[in-house]
Amino acid sequence: MKAKWQIVFFKEFRETLRDKRSLGLLLLFTLMYPVMLGVILNQQIKRATKPEREGIELAVIGAAQAPNLMAQLKQRNISVDQQGPMDEAAITQLLRSRKVVAVLRITDKFAENYQAMRPARVELWFDSAADNGARQRDVEEVLHAYSSSVASARLLAHGVSPATVAPLQLQRYDTGTTAARSAGLIGSILGFLFFPAFICGLSAAVDSTAGERERRSLEVLMAQPARTWELVIGKWLAAGALAVIGITLELFLAHAILSWLPLEEIGMSWRVTTFDLVMVCVASVPLSLFASSVQIAVAMNAKSFKEAQSMLSFVVMLPMIPGIAVSMLELKTALWMYAVPMLSNQTLLREIARGEAIGALPFVLTFFSAMLPAIAAAAFATWRMKSERYVLAV
Amino acid sequence: MIETKEVRKQFGAVQALGGVSFQARDGQITALLGPNGAGKTTLLRLLVGLLKRDHGSISVDGVDPAVDPMAVRRNMGLLTDQFGLYERLSTREYLTYFGELNGMAGPSLQSRIDEVADLLAMHDIVERRAKGFSQGQRIKVALARTLLHRPRHLLLDEPSRGLDVMSTRALRSALHALRNDGCCVIMATHVMQEVTHLCDDVIVIARGHTVAQGSPQQLCERTGIASLEDAFVSLVGTEEGIVA
């Protein structure tokens, strides 16, 4: 003999699975994010690893006038592509084809001015819309270095120490570690990874409450020999189960993609084992249940499917706020973060991805911080459905 | 046997029921007559324990629905003015759902579904999903749900609306069978012909009060009017000040 809540659960679950269109959309939404993430990260990795492999392509017009400069460029791993005279349109065309990083035009009187120790003009043509600012700066640095070494030689020839014209010596130190950069990026990625908990059960939660009310079948159901809490729990768990399935699918897909990508190349880390991930999924089950019970408690008060959806589209955004606030205020990870639903899941996964040993307490806190409000919301929904005012409006 | 005494129910300032007393006996079909807004829906909701009365007493086979609604509902079939079908479930799945909620299960539930389908002549729609059902088909499914768990009490709100001649006859014979089984049937309706043909007893309520109870013939005699319809109008009109 099945319990009443099980009967309601299986019926709601089956009915939702038959709504092929919304199920397809859910699947698309759930799978799209990790795939998109993979594509974007993969592009970044490719871009980050490109310069070392290929060097910098630079087109040079009038190279014959400055053989020393050309030698200097080649020495710095910049391959020079010699071109004949070109007008502005032709240069623009060449840059737009993205075959070269920039075009260096050595003006006609370069050699003459250089010999006479007048400033010899070179023009650097580049396309700032193209995404190769770093390599273009490399080219400029080589030009500056060449310029100052020639200046030093000339000064020495006149018996002046080159140090006189260099009162400052600039040395750059970058303290941004790969771990810190990784934390920032991974943190923003994780913010959305837990979103399916709030999306996947949504249509089931709305359909089984506001939808049932709109179709006028709720009164019949409430007049059956089943207690209100049995109805609420059945509907709640049906919506929650979909959310659990959605988020677990997404986490595993994201895990597969992030483990496969060589993230170290862009200074990120994904040190999550499959066991870690299973533990995170288990600790995240209450998040799905929390989302569903809040959705049911809100949607049951709406008179129609449409009304419920517009009410919930606002509620769905709320859980994102703590995560965004924490990253904007740049707060350090603290224990209290594990007591805030959603934020706790994000923090948990981020710390594991970083490779931190966090122990069992965060898992336990994450689990119960969502489970308790989930139960409270379900209790509220039951209390509300029992009330006479609600029965009258059904 | 359903018995109410001086039942009152107030929503805020609105008096929905101001004193409803009647007896609906087993083995009888009792018609519940009343103009729109007379308080029929409120009364039916009180009888299944969805609402709680302010005053008076209700007894369904000796059980008070306000005290033990589950016991009352297990023995009650309720057909509301809305059918409450699920478009993505087939008729059989729909009936299985409500059968299970009423404590039925397994092969006995399935054979009971076939039995009810026989009774209401609806075998053609048992395996179909409710999407696209006609009004008549919808009410048949809802009726089947009402009868499924062999309730001793039936509360039917306009069960014959939208039914064609054949289905009306099938419904009528089903109601006769229930009466012969000794069920207590309360049927809200607006069709006087149905009342004369089918019902043993009539309760007339208007503006939240019972104004009369008796057989169709008694009502006619009491008002001195030959047609039940005119008698009804006069009962509702004289005591409530409504000029029909």
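Only lysines eight or more places from A:LYS20 in sequence, or on another chain, were considered; those with a Cα closer than 25 Å are A:LYS11, A:LYS235, A:LYS303, A:LYS306, B:LYS131. Taking the centroid of alpha carbons for each part, the stretch A:235-270 and the stretch B:74-140 are 42 Å apart. For chain A, a Gaussian network of Cα nodes joined below 10 Å ranks A:SER284, A:SER217, A:SER97 by mean-square fluctuation, and the top entry is A:SER97. Sum up the charges of everything whose Cβ sits under 10 Å from the Cβ of B:PHE133, counting Lys and Arg as +1 and Asp and Glu as -1, but leave B:PHE133 out. Local net charge: +4.
Mind checking which of A:ILE233, A:ILE375, A:ILE358 has the largest fluctuation in a GNM of chain A, springs on alpha carbons under 10 Å? Ranking A:ILE233, A:ILE375, A:ILE358 by mean-square fluctuation puts A:ILE358 first. Counting only DSSP beta bridges with both residues in the stretch A:55-165, tell me the antiparallel percent, nearest 5. That works out to approximately 30 percent antiparallel. Mind checking which helices in chain A clear 20 Å along their axis (Cα) and have mean Kyte-Doolittle hydropathy of -1.0 or more, DSSP H runs only? Taking the DSSP H segments of chain A (at least 20 Å long, mean hydropathy at least -1.0), we get A:4-18, A:20-54, A:133-157, A:178-193, A:228-260, A:274-299, A:361-386.
Under a Gaussian network description of chain B, with springs only between Cα atoms under 10 Å, the residue in B:ALA121, B:ALA144, B:ALA13 that fluctuates furthest is B:ALA13. As a proxy for reagent exposure, B:CYS183, A:CYS200 were ordered by neighbouring Cβ count within 10 angstrom, fewest first; the result is B:CYS183, A:CYS200.
Sort out the exposed loop GluC sites (Glu not before Pro) in chain B (DSSP loop, at most 16 other Cβ within 10 Å) and tell me the longest stretch that has none. Longest gap between qualifying sites, sites excluded: B:128-244. Peptide B:155-161 shows a mean partner chain C-beta count of 0 within 10 Å per residue C-beta. Among the lysines, select those whose C-alpha is under 18 Å from the C-alpha of A:LYS99, and discard any that sit fewer than 8 residues away in the same chain. Straight-distance partners of A:LYS99: A:LYS46, A:LYS50, A:LYS74. Counting Cβ atoms of other protein chains within 10 Å of each residue's Cβ and taking the mean over peptide A:220-231 gives 6.
Placing pseudo-labels 7 Å out from each Cα toward the beta carbon at A:ARG96 and A:GLU57 gives an inter-label distance of 1.7 nm.
Between A:ALA393 and A:SER161, residue separation times 0.36 nm minus the direct Cα-Cα distance comes to 74.2 nm.
Each reported figure results from applying straightforward, stated rules to the coordinates on display, with no laboratory input. Owing to the predicted nature of the structure, the values given are computational and were not obtained by experimental measurement. Don't worry about glycine lacking a Cβ; one is built from the backbone with ideal geometry, like all the others, and counts go over all protein chains shown.
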